[in-house]
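Colleague: Here it is, the structure, as structure tokens.
The values are calculated or read from the model by the stated rules, or taken from the named source; none is laboratory data. Keep in mind it's a predicted model, so treat the numbers as computed, not measured. No Cβ is skipped: glycine too gets one built from the backbone with ideal geometry, and neighbour counts run over all protein chains shown. Each accessible area value is taken on the protein alone, full model and side chains, heavy atoms only, with ligands, DNA and RNA left out. Shrake-Rupley method; radii C 1.70, N 1.55, O 1.52, S 1.80 Å.
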Amino acid sequence: MSPFEDPNVGLLPSGFIDLLQHEAEAEARGIETVMEVFGAHGYERVRPPLCEFEASLLLGSGEALTEQTFRLMDPDSRRMMALRPDMTTQIARIAATRLADRPRPLRLSYTGTCVVLGTPGREGERQITQAGIELIGVDSALADAEVVLIAAEALSRLEIAHVSFDLSCPALAQAVIDAAGLPSAGRAQLAHAVDRKDAAAVAALGGHMAPVLTALLDAAGPAATALRALGTIDLPSEARRHAERLTAVAHAIADAAPDLRVTVDPVEFRGWQYHTGVCMTVFARGVREELGRGGRYLAHASEPACGLTLRPEALLRAARPIALRKRVYVPHGLSAARAQALRAEGFATVAGFAPVADPASEARRLDCLYVASHNDLTRL
Amino acid sequence: MTAASPTPSTDDAPLVLALPKGRILKALKPVLSRAGLMPDPGCLDGDSRALRFPTNDPRLDVVRVRSFDVATFVAYGGAQIGVCGADVLMEFDYPDIYAPLDLGIGACRVSVARPVSDVVDGHAPASSQIRVATKYPAITRRHFATRGVNAEIVHLNGAMELAPTLDLASVIVDLVDTGSTLRANGLRETEVIAHVTSRLIVNRVALKTRPEEIGALIERFRSALQETVA
């Protein structure tokens with residue numbers, strides 16, 4: 001922008017976008033479809049606020065959440081508030097406080113807007129919507145599988161094709177990295193190399209764990225082959241325990257949904273760093289972004305929990321375009337009952353405020369496909 | 001519960017392999033031919049004006065772009081797989097790129113070089129801020145920051161070696177192969193930041209969603225490398 005020009009009022013801060021008619025409608029319907037599936041499986045809806053005290057929002061969560069949080073000061077309490085970058089920690093807070101006495105397992109669903117700082121150079125999206133579920137108070141492979149299966153059902157309801165779930169276990173990778181026994185700087189370098197699947201750097205930095213890490217890198221792929229490879233790797237005992245859980249979850253998913261495409265990546269540890277068990281990332285073939293992610297973590301007071309969050313913006317781009325209501329121009333003077341009847345048939349009625357000479361051209365001007373009369377509907 | 005059908009659709013586009021122009025491409029030719037990947041002849045000899053080429057595999061196309069852009073094409077998913085120097089990966093550090101294979105070609109190093117006259121007893125003068133001419137701003141800032149020095153970057157795309165003599169910067173950070181360009185311009189390599197070779201890189205989402213195809217391509221490159229060793 002030239003310093004001599006006034007900024008255009010249409011300019012928004014990077015990463016914040018207007019959704020226009022068609023997109024906003026598609027997003028809202030997509031969210032309702034997903035929430036409907038969650039509700040049908042007994043996940044009751046809650047709605048935490050957009051803004052909270054920083055101290056409670058970031059309690060017990062990882063560094064990554066802190067680094068992604070917008071903060072502002074509350075002039076009332078003079079305490080630091082934070083705009084939520086993620087809703088999972090809020091659901092955990094609700095479960096531990098207001099719903100502490102409710103029987104477990106507790107099943108909750110939620111949808112709402114979050115704000116993240118974004119990655120330098122790639123601030124593509126800073127306002128993100130989440131729609132997700134949390135299953136709190138139970139620690140089992142079947143519970144992990146349940147969130148995957150429900151998400152798969154929601155995606156199939158949206159008719160998103162070629163969905164795949166990538167299962168991973170950050171704790172497994174971390175356990176192997178820890179077993180290398182490196183000082184903190186070397187450990188961070190090795191973790192970065194593993195995260196980027198940089199085989200050369202892993203071999204150079206991995207010490208005596210390099211062969212194990214390299215084998216884990218090579219194991220990633222479709223579930224059947226990946227689990228077979230994982231079974232043959234000589235893992236430290238803690239990592240082996242995680243590998244067995246990962247295998248059990250993959251089997252539970254395969255038993256319930258044999259056609260669902262599942263990949264396994266034992267060394268992936270992307271995302272919010274609070275996960276402690278099996279994690280999942282949702283992809284669809286031909287879509288260049290994640291559709292959602294989730295995993296097992298410890299809620300307040302170390303209560304076991306597992307959740308999965310879908311990203312409606314990404315779902316909107318992956319799903320087929322929706323059909324909007326057909327717009328009917330209702331000329332001035334037509335009865336209210338006639339318009340009401342059209343709406344009951346599923347049309348959107350666009351009312352004229354004054355008589356016009358040519359209703360057809362007025363209808364075209366207002367993006368209508370039909371003109372209504374007392375007992376007829378004329379398609380333009 | 002039924003999810004989307006797992007059968008691969010026939011309308012899927014071919015995979016795109018991004019290759020860098022120039023030095024690395026020359027070194028890559030024998031690897032490609034051992035991997036049984038035969039890009040259209042126009043791609044390798046560099047005469048063609050085209051940017052996208054078919055290969056002997058109908059499921060694989062090749063695009064030829066600048067070395068720095070290979071990483072960007074792969075990070076954004078325009079190409080699913082590519083070959084680029086570890087220097088480019090270090091500079092951009094894209095989270096969406098995996099580097100599963102070290103091709104061992106195009107070996108060189110990212111180094112700091114100074115005018116020969118500035119090097120006193122092998123030690124450079126100490127300072128809290130230094131002006132550096134480079135095409136690697138991120139690598140340079142990180143390198144000097146770990147030494148407690150702020151690097152003021154003069155971002156150039158070539159002819160870095162001129163910068164110290166024309167007083168644009170006091171040192172340069174550049175890719176060094178034989179070091180002859182440095183010597184010809186009165187500079188001396190004083191510190192190696194990293195040794196680099198070329199890597200096979202893949203897009204993260206592509207690897208997750210098309211693991212069989214991309215896994216098979218990685219294996220072809222891997223076995224091509226093992227032939228060299230044998």
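Colleague: Among A:ASP358, A:ASP234, A:ASP86, whose mean-square fluctuation peaks in a Gaussian network model of chain A (Cα, cutoff 10 Å)?
Modeller: Most flexible of the set in this elastic network: A:ASP358.
Colleague: Averaging the inverse of every distinct alpha carbon separation and then flipping it gives the Kirkwood radius. What is it for chain B, in angstrom units?
Modeller: About 19.4 Å, per the Kirkwood formula over Cα pairs.
Colleague: Let's test this: bin the Cα-Cα distances of the range B:108-194 at 10 Å from zero up to the farthest pair and state each bin's percent.
Modeller: Going out from 0 Å in 10 Å bins, the range B:108-194 shows 19, 59, 23, 0 percent.
Colleague: From other protein chains only, count the Cβ atoms within 10 Å of every residue's Cβ in A:147-156, then give the mean.
Modeller: Values: counts 0, 1, 2, 1, 1, 4, 3, 0, 2, 5.
Mean shielding count: 2.
Colleague: Oh, and also: Rounded to the nearest whole Å³, what is the per residue volume of the convex hull around the Cα atoms of the range A:241-301? Intermediate values should be presented prior to the final figure.
Modeller: Working: hull volume 6.8 nm³, N = 61.
Spelled out: Cα convex hull of the range A:241-301, divided by residues, is 111 Å³.
Colleague: Using a simple spin-label model with points 7 Å from Cα along the Cα→Cβ vector, what separation in nm is obtained for A:GLN340 and A:ALA100?
Modeller: Distance between label points: 5.2 nm.
Colleague: Further question: Write out the chymotrypsin sites (Phe, Trp or Tyr not before Pro) in the range A:346-380 meeting two conditions: DSSP loop, and at most 10 other Cβ atoms within 10 Å of their Cβ. Numbers along the way, then the final one.
Modeller: On the way: sites: A:PHE347, A:PHE353, A:TYR370; in loops: A:PHE347, A:PHE353.
Answer by residue number: A:PHE353.
Colleague: Looking at the range A:327-379 only, what percent of DSSP beta bridges run antiparallel? Nearest 5 please.
Modeller: Working: 3 of 9 bridges.
Taking every DSSP beta bridge with both residues in the range A:327-379, the antiparallel ones total about 35 percent.
Colleague: Return the percentage of antiparallel bridges among DSSP beta bridges fully within the protein assembly as shown, rounded to the nearest 5 %.
Modeller: On the way: 73 of 103 bridges.
The answer is about 70 percent antiparallel.
Colleague: Taking the range B:130-230, which trypsin sites (Lys or Arg not before Pro) meet the DSSP loop condition and have no more than 11 other C-beta atoms within 10 Å?
Modeller: Working: sites: B:ARG131, B:LYS135, B:ARG141, B:ARG142, B:ARG147, B:ARG183, B:ARG188, B:ARG199, B:ARG204, B:LYS208, B:ARG220, B:ARG222; in loops: B:LYS135, B:ARG147.
Hits after loop and neighbour filter: B:ARG147.
Colleague: Please list, in order, the residues from the range B:15-49 whose amide nitrogen is less than 17 Å from a point placed 7 Å along the Cα→Cβ vector of B:SER223.
Modeller: From the range B:15-49, the list is B:31-38.
Colleague: Per-residue mean of other chain beta-carbon atoms within 10 angstrom of the beta-carbon, peptide A:278-290? List each step's numbers first, then the result.
Modeller: Working: counts 0, 0, 0, 3, 1, 7, 3, 10, 8, 3, 10, 3, 3.
Mean number of neighbouring Cβ atoms from other chains: 4.
Colleague: Rounded to the nearest 500, what is chain A's calculated 222 nm mean residue ellipticity when only DSSP H runs of at least 4 contribute -39500 (n - 2.57) each, over all residues?
Modeller: -11500 deg cm²/dmol
Colleague: Just in the range B:29-73: which trypsin sites (Lys or Arg not before Pro) are loop by DSSP and have at most 11 other Cβ atoms within 10 Å? Each step should come with its number before you reach the end.
Modeller: On the way: sites: B:ARG34, B:ARG49, B:ARG52, B:ARG59, B:ARG64, B:ARG66; in loops: B:ARG49, B:ARG59, B:ARG66.
Qualifying residues, ordered by number: B:ARG49.
Colleague: By what distance, in whole Å, do the Cα atoms of the range B:4-119 stretch along each of the three principal axes, largest value first?
Modeller: Reported extents, whole Å, longest axis first: 66, 36, 26.
Colleague: Translational diffusion coefficient of the range A:89-247 at 10 °C, 1.306 mPa s, Stokes-Einstein with Kirkwood Rh over Cα pairs, in µm²/s as a whole number.
Modeller: Values: Rh = 18.7 Å.
Calculated translational D: 85 µm²/s.
Colleague: Let me ask something additional. What longest region of chain A stays clear of trypsin sites (Lys or Arg not before Pro) that DSSP places outside H, G, I, E and B and that have at most 15 other Cβ atoms within 10 Å?
Modeller: On the way: sites that count: A:ARG78, A:ARG79, A:ARG98, A:ARG325, A:LYS326.
In short, A:99-324.
Colleague: Find how many whole Å separate the alpha carbon centroid of the range A:246-292 from the alpha carbon centroid of the range A:331-347.
Modeller: The distance from the Cα centre of the range A:331-347 to that of the range A:246-292 comes to 49 Å.
Colleague: Which percent, nearest 5, of DSSP beta bridges in the range B:94-230 are antiparallel? Please list the in-between numbers first.
Modeller: On the way: 18 of 27 bridges.
In the range B:94-230, DSSP labels about 65 percent of beta bridges as antiparallel.
Colleague: Here's another thing I want to ask about it. Could you give the dipole magnitude of the range A:327-379 about its Cα centre, charging the beta-carbon of Lys and Arg +1 and that of Asp and Glu -1, in debye to the nearest 20?
Modeller: The calculated dipole for the range A:327-379 is roughly 80 debye.
Colleague: List the relative contact order of chain A as a percent without decimals, with contacts defined as Cα pairs under 8 Å and 6+ residues apart.
Modeller: Normalised by residue count, the contact order of chain A is 17 percent.
Colleague: Taking R0 as 51 Å, what's the FRET efficiency between A:ASP367 and A:MET73 from their Cβ-Cβ distance, rounded to 0.05? Intermediate values should be presented prior to the final figure.
Modeller: Values: r = 45 Å, r/R0 = 0.89.
Step by step, r from the Cβ atoms, then E = 0.65.
Colleague: Separate question: Shape call for the protein assembly as shown from the C-alpha gyration tensor, a ≥ b ≥ c root eigenvalues: rounded (a/c under 1.5), prolate (a/b greater than b/c) or oblate?
Modeller: In terms of gyration-tensor shape, prolate.
Colleague: Another question, then. Roughly what percent of Cα-Cα pairs across the range A:31-78 reach past 13 Å? It would help to have the intermediate numbers written out before the result.
Modeller: Details: 785 of 1128 pairs.
The calculated P(r) of the range A:31-78 puts 70 percent of pairs beyond 13 Å.
Colleague: Calculate what fraction, in whole %, of the accessible area of the range A:327-379 sits on carbon and sulfur atoms when a 1.4 Å probe is rolled over the protein chains. Please report the intermediate quantities before stating the final value.
Modeller: Details: 1800 of 3340 Å².
Here it works out to 54 percent.
Colleague: Which order do peptides A:8-20, B:12-24 fall in by mean Cβ count within 10 Å, highest first? Before the final figure, lay out each step's value.
Modeller: Working: A:8-20: 10.0, B:12-24: 18.2.
Per-residue Cβ counts within 10 Å, averaged per peptide and sorted highest first, yield B:12-24, A:8-20.
Colleague: Calculated FRET efficiency, A:LEU20 and A:ALA357, Cβ-Cβ r, R0 35 Å, to nearest 0.05?
Modeller: Working: r = 31 Å, r/R0 = 0.88.
Efficiency for this residue pair is about 0.70.
Colleague: Turning to a different aspect of this structure: Shape verdict for the range A:63-161, please, from the Cα gyration tensor: rounded (a/c under 1.5), prolate (a/b greater than b/c) or oblate. Each step should come with its number before you reach the end.
Modeller: On the way: a/c = 2.48, a/b = 1.28, b/c = 1.93.
Verdict is oblate for the range A:63-161.
Colleague: Put one equal scatterer on each alpha carbon of the range A:163-284, apply the Debye formula with no solvent term, and list log10 I(q)/I(0) at q = 0.16 1/Å to two decimals.
Modeller: Evaluating at q = 0.16 Å⁻¹ gives log10 I(q)/I(0) of -0.70.
Colleague: Right, something else. Per residue, how large is the accessible surface of the protein assembly as shown? Use a 1.4 angstrom probe and give square angstrom. Please list the in-between numbers first.
Modeller: Numbers: 28960 Å² over 610 residues.
That works out to 47 Å² for each residue.
Colleague: Give me the percent relative contact order of the range A:279-336, please, defined on Cα pairs under 8 angstrom at least 6 residues apart. It would help to have the intermediate numbers written out before the result.
Modeller: On the way: 56 pairs, mean separation 13.9, N = 58.
Relative contact order comes out at 24 percent.
Colleague: Relative contact order (percent) for the range A:163-284, with alpha-carbon contacts under 8 angstrom and 6 or more residues of separation? Intermediate results must be reported in sequence, preceding the final value.
Modeller: Working: 188 pairs, mean separation 62.2, N = 122.
Dividing the mean separation by the residue count of the range A:163-284 yields 51 percent.
Colleague: Something else: Please report the spacing between the Cα centers of the range B:104-181 and the range A:68-109 in Å, no decimals.
Modeller: The range B:104-181 and the range A:68-109 have Cα centres separated by 48 Å.
Colleague: Tell me what chain B gives for mean residue ellipticity at 222 nm when only DSSP H runs of n ≥ 4 count, each as -39,500 (n - 2.57), the sum divided by the residue total, rounded to 500 deg cm²/dmol. The partial results should precede the final answer.
Modeller: Details: 9 runs with 76 residues, N = 230.
It lands at -9000 deg cm²/dmol.
Colleague: Other chains' Cβ within 10 Å of A:212-223 residues: what's the mean? If you can, show how the numbers build up before the last one.
Modeller: Numbers: counts 0, 0, 0, 0, 0, 2, 5, 0, 6, 6, 4, 1.
For this peptide, the per-residue mean of nearby foreign Cβ atoms is 2.
Colleague: What's log10 of I(q)/I(0) for the range A:327-379 at q = 0.14, 0.26, 0.27 Å⁻¹, Debye sum over Cα points only, no solvent?
Modeller: Here log10 of I(q) over I(0) equals -0.28, -1.01, -1.09.
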